[in-house]
Amino acid sequence: MSSSTRRRRYLRTAIGLAAVLVLSVAGAGAWFYHRLDSNITTFDAGGVATERPPAPVPVSPGASVPVNVLLLGSDTRDDGNNALGGGDEGVGHSDTAIVLHIYADHKHAVGVSIPRDTLVTVPSCRRPNGTWTTPRNDQMFNSAFTVGEDPKGNPACTQNTVEKLTGLRIDHTVVVDFKGAAAMADAVGGVDACVPNDVDQYGIHLKKGLQKLSGQSAVDYLRARHGIGDSSDIGRMKRQQAFLSSMIKKVQGQGFSLPTLLPLADAATKSLTVDEGLGTAMKLVDFARSVQDIKLSDVTFVTAPWRFAGERVRLVQPDADTLWKLLREDRTLDGQSTAGTGQVTSSPATTPGADAPLTPDQAAVPITVVNGVGTPGLAGSGGEALKGRGFLNVTLGANEPGHQATRVAYDPALKAGADQVVALFPGAKAIEEPGSGAVTVTLGADYRPSGTRIDSATSPSPVPGSTPGTAPTGAASTGTAPTGTAPTGTAPGGIPTGIAENTRNADTDPCANLTFG
């Protein structure tokens, strides 16, 4: 296997930077700032799009506003990173992206992971030679970072892409490389992480169980995909979220003493590439001070609602658009408002389109429901869910036992209706079948008929002696929502199912729910 192929197959991440930004540099002395200034690298703001989402407006003079920070992990082999990442130097990629939304009250935060394989529109971006590209549709999300083929990547292009996708104005963008991930884990004395199983392949050697990881082992844990957990990119993001939560917990536990801050901030800034708005240590400190009161229990991670589209990923609608809308309006995941004080003052928002009638064309889409398990009545239950949503042309097909995962195959000409079908079966793999003239839903072992709950055989196993984490005000619970229990697209608590089942609280046990299944 070539080094470039290996690089594409691994997740290139340097997670942990949010802990540094939020916690590590607050309270340091002026002499410390000067030391850190020389470490920080900025990227040229000339590559940021001129047409951008509007900046938030304070609700009253002097009031705080929400802040959106784009956190990127770079797999560059430049500047000595090849020793940690393996392989030769080449074009920088970013397979890790988290949009960190800090609410206006500066006491709550949500971090949204965007899958690297998500098909998106990459808008016009500036190359290193000063020319601009033309917009491109249906591109893998991580390709934005490679525009211009610079070894250090193109963070401005990724920022433009995120703003185009979400409608959120990104206030700051931060990129961290392999060395940063290793050094920050070292600086805090290791980070508690849970390895689902022994790994001994692709040069990565990890032992099963909860353990402290630092240096090379931390990088390996965060970037590995094959041979660990469910071997999926989505599973890797769950591990990233758990690792970042553990790092924040570790830093908070050690406090704000200089012996803790100096090595951590020094390690972080040596590996940071930031926008000009965070381009000095003083700017980083000012930002850190503004958010240092956020508690671990008030941080929630969400993987943007997703589904398979062949070998790629598409975002599930309307849930993904609902998520972006909630953040644009500075609302918690169940539609509440912190109103700058942390208090709930508004009624829950509804999911746009979740209860809206289907269009005549969507309602008339021919749908065949297949029992892919053999459980009596399974296809009938799926058919009733579809009819309850408003589909009129639903038939039951012959049983095809042996399917573990639910899939929705569809003719691309029927995509609008197929998207509504997929929304009823969260996590289903969507497969294009040109020329079929229909939509076929094959219900797998992961499907649960309406009114039933996932049993212990498929639920994440709790760690002995652990207790479930508590959700922040308005945030989703840490458990996985039962598949198929919410035909209207809403889970208990008013949270769209596509959001609820992809949510993880930062204070969840590091061994809990590390896969997407």
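The values are calculated or read from the model by the stated rules, or taken from the named source; none is laboratory data. Predicted model, so just to flag it, every value in this text is computed and none were measured. In this analysis, Cβ positions are derived from the backbone assuming ideal geometry, glycine residues included, and neighbour counts consider all displayed protein chains. The protein model used for the area step is the full one, side chains on, heavy atoms only, and it has no ligands, DNA or RNA in it. Shrake-Rupley method; radii C 1.70, N 1.55, O 1.52, S 1.80 Å.
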Original post:
Can you pick out the pairs among Lys164/Lys249; Lys179/Lys250; Lys208/Lys249; Lys295/Lys429; Lys107/Lys164; Lys207/Lys295 whose Cα atoms lie more than 25 Å from each other?
Top reply: Lys164/Lys249; Lys295/Lys429; Lys107/Lys164; Lys207/Lys295
**OP:** Per residue of region 316-332, in order, report the coupling 6.51 cos²θ - 1.76 cosθ + 1.60 (Karplus, θ = phi - 60°) as ³J(HN,Hα) in whole Hz, putting x for Gly and Pro.
**Re:** 7, 10, x, 4, 5, 5, 5, 4, 4, 5, 4, 6, 4, 8, 6, 9, 6
Original post:
How much accessible area per residue does region 392-441 have, in Å², with a 1.4 Å probe?
Top reply: 47 Å²
**OP:** Pop out the ³J(HN,Hα) list for region 142-158 in order, Karplus 6.51 cos²θ - 1.76 cosθ + 1.60 with θ = phi - 60°, rounded to Hz; leave Gly and Pro as x.
**Re:** 6, 6, 4, 5, 8, 4, x, 6, 7, x, 8, x, 10, x, 5, 5, 5
**OP:** For Cys125, enumerate residues with amide H under 5 Å from its amide H, sequence gap 5+ or separate chain, H modeled in the peptide plane.
**Re:** Thr133
Subject >> Accessible surface of region 185-224 [probe 1.4 Å, protein heavy atoms]: carbon and sulfur percent >> reply: 47 percent
Original post:
How far apart, in nm, are two points set 7 Å out from the Cα along the Cα-to-Cβ line at Ala413 and at Ser124?
Top reply: 3.6 nm
Original post:
Using just the C-alpha positions of region 352-425 as equal point scatterers, what log10 of I(q)/I(0) does the Debye formula give at each q in 0.13, 0.26 1/Å?
Top reply: -0.37, -1.30
Original post:
Convex hull over the alpha-carbon atoms of region 180-223: what's its volume per residue in Å³?
Top reply: 57 Å³
**OP:** Using amide H atoms built 1.01 Å from N in the peptide plane, name the residues 5+ places from Val369, or on other chains, whose amide H lies under 5 Å from its own.
**Re:** Thr395, Leu396, Gly397, Val441
**OP:** Treating only the Cβ atoms of Lys and Arg (+1) and Asp and Glu (-1) as charged, compute the dipole magnitude of region 167-248 about its Cα centre; round to the nearest 20 debye.
**Re:** 100 debye
Subject >> region 129-220: radius of gyration and largest Cα-Cα distance (Dmax), Å >> reply: 17.8, 50
**OP:** Kindly write out, for region 435-441 in residue order, the coupling ³J(HN,Hα) from the Karplus curve 6.51 cos²θ - 1.76 cosθ + 1.60 (θ = phi - 60°), rounded to whole Hz, with x marking Gly and Pro.
**Re:** x, 6, x, 7, 10, 10, 9
